[in-house]
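A short write-up of the structure that comes next.
The values are calculated or read from the model by the stated rules, or taken from the named source; none is laboratory data. Just so you know, these numbers come straight off a predicted model, no measurement behind them. Here the Cβ positions follow ideal geometry from the backbone for every residue, glycine too, while neighbour counts run over all protein chains shown. Just so you know, the surface numbers come from the protein's heavy atoms only, side chains and all, with ligands and any DNA or RNA stripped out. Shrake-Rupley method; radii C 1.70, N 1.55, O 1.52, S 1.80 Å.
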Amino acid sequence: MGVEEIAGQVTQGSENKKIAISMEKVNKWFGALHVLRDVTITVAEGERVVVCGPSGSGKSTLIRCLNWLETHQQGRIVIDGIELTESPRARDSIRAKIGMVFQSFNLFPHLTILENCTLAPVSVRKMSRKQAEELAMSYLQRVKIADQAKKYPGQLSGGQQQRVAIARALCMEPKIMLFDEPTSALDPEMIKEVLDTMTTLAESGMTMICVTHEMGFARQVADSVIFMDYGEIVETGPPHRMFADPHTERLKTFLSQILHGH
Amino acid sequence: MHFDSRYFIELLFSRNFLAPAWTAVWFTVASMAIGIVIGTIAGLAATSKSRILHGMVKVFITIFRGTPVLVQIVFWYDGLAELTGNFINLSVVTAGLMALGVNEGAYMTEIVRAGIESVDKGQLEAAHALGLSYRTKMLRVVLPQAVRVAIPPTGNQVISLLKNTSLLFTIAVPEIFATGTNIFSVNFKYFEVLAVVSVWYVGLTLVYGIIQRKLEKRSNRSITGAKPTAKVPTVVPA
């Protein structure tokens, strides 16, 4: 696995990049509230995208639409060549391609760390228990938490839980990983361990969309940054340009607020 | 005071109530099992997306929670036979089990529904994001967590069910109270006999209380995770 990842990373630049995710003029309303306005994005395979914006700007809704936790009402979403439609089959095959990490971890509290990681591989991917446990242990080692495998989530710190959540998602061997404010619920001293795990994952060539306020992470890891406000994409670009030279007033204001906050 | 304490002691330690107590326990366990099965199915229906299922569950609960258990017992035993022209003629045991079990099912439906609804929404989202099927999501993620919430109220139900087995005396099930009525209708020692009957119910309730506490402890353990690590040494990565 490790070898393939490195190979993938090396060839990444020269290859004709396949499109992993495309959203075309996606609109969504919560009642009268227009939460996504004509959102159009394209994410290539292996691309790392950071989505930022003030709270209520629709950034979480955007990534939640990608694996059907929310349904969009207008526009097209195509994931790895499959269009998100009402059909349960399309939904299931898309969910199998996408891993998701939540702000509140959402580990299953009644299952051990190892069981958290093996549940989906055994029940969805039909792996044997032994195979699934080996797979889970390899990912738990990757997020440096294998020694906690027999514990329950409640016995782990927030940072550890979030790393387990990343391992759990990786056990489905997804093509795309979504992160919904993965460090927002963490104590400051635990943010780094999670960001480090995410950075390692990014370096392995995983396609990632990450909603976060961690601008250091965006600068270090992201290929592009999407800035949202009031449900629309206001500005996109590579992180260095976005942060050094924001073209819009709204991004300028947002950045100054974020930076003052730190 | 005409309390015949000698007779009371004698009856209390006689073998008269052993078989009836067993009958009461047996009816409680079997009816509870029926109730839990009905409650789980109806509880899942009540939390599903189908409005038709919601409506059906509502009607079921309204009928079986809204009428007295005594009425339901006589319905299953006599009413159903009369209604179907003896086509369905349940035995005493079957009628008793149906009456207590289905009635219990109505109460358990509400308990299971509340348990399911208490599970954090994030758990469902995680299950969806992992692509778990409805079956796996419910069996492995939602219900185990719902059970934890459902255990304390279910304990109350067990105790009330145990006492409700006394109503089966109307269809001549030889349980504790029926045995008592048979004795005092002969010797007219109402108080002594009822006192013995009561001691049996209280005793069984107390025993169940111990079981209930064990169950609650056990169901909480995996959530707080206080115990299981002690016996498992740190895993050596392969």
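Some values worked out for this structure:
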| quantity | calculated |
| --- | --- |
| Highest-fluctuation residue, B:Gly180, B:Gly66, B:Gly43 considered, GNM on chain B with Cα pairs under 10 Å | B:Gly66 |
| Percentage relative contact order, region B:1-107, counting C-alpha pairs under 8 Å, at least six apart | 38 percent |
| Computed over region B:5-223, Cα set: Rg, Dmax in Å | 20.5, 70 |
| Test item: A:60-70 mean partner chain Cβ contacts at 10 Å | 1 |
| Most fluctuating residue given options B:Pro152, B:Pro144, B:Pro68, as computed from a GNM of chain B linking Cα atoms under 10 Å | B:Pro68 |
| Rounded to whole Hz, the Karplus (6.51, -1.76, 1.60) HN-Hα couplings of region B:113-118, x for glycine and proline | 4, 4, x, 4, 5, 7 |
| Given charges at beta-carbon only (K, R positive; D, E negative), |dipole| of region A:71-192 in Debye | 360 debye |
| Rounded to whole Hz, the Karplus (6.51, -1.76, 1.60) HN-Hα couplings of region B:180-195, x for glycine and proline | x, 4, 4, 6, 6, 6, 9, 9, 6, 8, 4, 5, 4, 5, 5, 5 |
| Buried solvent-accessible surface, both chains (B, A), 1.4 Å probe, Å² to nearest 100 | 2400 Å² |
| Taking chain A and dividing mean pair separation by its residue count, relative contact order in percent (alpha carbons under 8 Å, at least six apart) | 25 percent |
| B:Ile52 accessible area, assembled protein chains, probe 1.4 Å, Å² | 130 Å² |
| Hull-based mean projected area of region A:125-242, where the convex hull spans the alpha carbons, in square nanometres | 8.6 nm² |
| Rg in Å to one decimal, and Dmax rounded to a whole Å, for chain A via C-alpha atoms | 18.2, 55 |
| Long pairs among A:Lys18/A:Lys175; A:Lys25/A:Lys59; B:Lys163/B:Lys217; B:Lys49/B:Lys121; A:Lys97/A:Lys151, criterion Cα-Cα beyond 21 Å | B:Lys163/B:Lys217; A:Lys97/A:Lys151 |
| Long-range amide H partners of A:Ile226 with built H, under 5 Å | A:Val50, A:Val51, A:Cys52 |
| Size of charge dipole - the protein assembly as shown - debye, nearest 20, with Cβ of Lys, Arg +1 and Asp, Glu -1, no other charges | 840 debye |
| Dipole of chain A [Lys/Arg +1, Asp/Glu -1 at C-beta], most positive-end residue of A:Ala146, A:Val78, A:Pro88 | A:Pro88 |
| Equivalent-ellipsoid semi-axes of region A:137-184, from the Cα gyration tensor, Å, largest first | 18, 15, 8 |
| For q = 0.09, 0.12, 0.14 Å⁻¹, Debye-computed log10 I/I(0) when each Cα of the protein assembly as shown counts as one equal scatterer | -0.76, -1.07, -1.32 |
| Per-peptide average of other Cβ atoms within 10 Å, ordering A:94-105, B:157-168 highest first | A:94-105, B:157-168 |
| Average other protein chain Cβ within 10 Å of Cβ, residues B:127-140 | 6 |
| Volume in Å³ per residue [convex hull over Cα atoms, computed for region A:181-262] | 99 Å³ |
